[in-house]
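Here's the structure, in structure tokens; my notes come after.
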Amino acid sequence: MTGRYMWHVAKAPEEIILYFSLPIMFVLVFGYVFGSGMAVPGDGNYREFLLPGVFVMTMLYGLGATASGLAHDASRGVVDRFRSMPMARSALLTGRAGADVIRALLEMATLVTCGLLVGWRWRNGVADALVAVGLILLLRLALTWVGILLGLAVPNPDTVGVIVFPLAFPLTALSNVFVAPDLMPGWLGAISAWNPLSATVAAARELFGNPGIGGESWAAQHALALAVGWPVLLIALVAPLAVRRYQRLSR
């Protein structure tokens, strides 16, 4: 099942190009056009501050591909055909999750290359950088299960596409992807600090050695723990719901 999903990706490279265009645009617009006017705690380089946020933002918007792909299969009856075959009931969902992690690795490789071209660097060595990438992929895995649940609950690809952006954009805006929570109004900064995206972004910045580290809130001081805890909690909550929804599809 993982191979099947990856084959679909290989046959539609334009889909990957479209998903990459948004984060690359954010890097160019915010990094070069607005970068000189954006403040970073400690007077650091804004592009180095921005890139870890763009990595995480790309993982978030990737759930749209997950949800649309499953909704497309469900609308064409593919899911029902797989359920009637002598195969493990878990194969469809775990295969999709595995394919999305592989796809996320390809996305990260592309984005890291783009980041290096615009001047981003990791400063704390390869080991810490790999841990940061691992945390980003862990978040992607959790978001994949959200996409699986959405794709099974709304088996209409067009509807799924309409739902994902209104959900993802506020979650991105109310995080530390573009602006540090310390520079926001107090109540907005508190929301941003406890945003699950912010935990992974802050932990990645710390491990990469990029500017924007720190803060007085408990969430800012324990970003690494939250970067593990939020995705694990999300998987524990959403994965059983997705499995239950999958089991009820043909009832």
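Observations, loosely collected:
- Relative counts (whole %) of C-alpha pair distances in the stretch 133-173, using bins that are 10 Å wide: 26, 49, 24, 2
- The ellipsoid that matches the Cα gyration tensor of the stretch 186-227 has semi-axes, each √(5λ) in whole angstrom, of 16, 10, 9, with the longest given first.
- Computed with a 1.4 Å probe over protein heavy atoms only, the accessible surface of the chain comes to 47 Å² per residue.
- With Rh defined as the Kirkwood radius, the inverse of the mean 1/r over Cα pairs, the Rg/Rh of the stretch 104-251 is 1.01.
- Nearest-20 debye value, the chain charge dipole, Cβ charges on Lys, Arg, Asp, Glu: 1060
- Here the label points at Ala88 and Ser21, each 7 Å from Cα along the C-beta direction, are separated by 3.8 nm in the simple model.
- Å³ per residue enclosed by the Cα convex hull of the stretch 129-214: 97
- The stretch 168-251 - Rg over Rh from alpha carbon coordinates, Kirkwood radius: 1.12
- The peptide list 184-190, 153-159, 46-52, put in order of mean Cβ contacts within 10 Å with the highest first, becomes 46-52, 153-159, 184-190.
- Dipole-positive endmost among Pro166, Ala74, Trp194 within the chain (Cβ charges, Cα centre): Ala74
- In units of the rule-of-thumb radius 2.2 N^0.38 Å, the chain shows an alpha carbon radius of gyration of 1.03.
- Phi angles across the stretch 201-212 convert, under the Karplus curve 6.51 cos²θ - 1.76 cosθ + 1.60 with θ = phi - 60°, into 3J(HN,Hα) values of 5, 5, 5, 5, 4, 5, 6, 6, x, 8, x, x Hz, Gly and Pro given as x.
- Highest average first, the peptides 161-174, 61-74 ordered by how many other beta carbon atoms sit within 10 Å of their residues are 61-74, 161-174.
- Carbon + sulfur, % of accessible area of the stretch 139-220 - ligands and nucleic acids excluded, 1.4 Å: 73
- P(r) weight above 14 Å for the stretch 59-138, C-alpha pairs, percent: 72
- For Thr113, solvent-accessible area (1.4 Å; no DNA, RNA or ligand), Å²: 80
The values are calculated or read from the model by the stated rules, or taken from the named source; none is laboratory data. Note that this is a predicted model, so its numbers are computed, not measured. Counting neighbours? That spans all protein chains shown, and the Cβs are built from the backbone with ideal geometry, glycine included. Note: accessible area is taken over every heavy atom of the protein model, side chains too, but ligands, DNA and RNA are not part of it. Shrake-Rupley method; radii C 1.70, N 1.55, O 1.52, S 1.80 Å.
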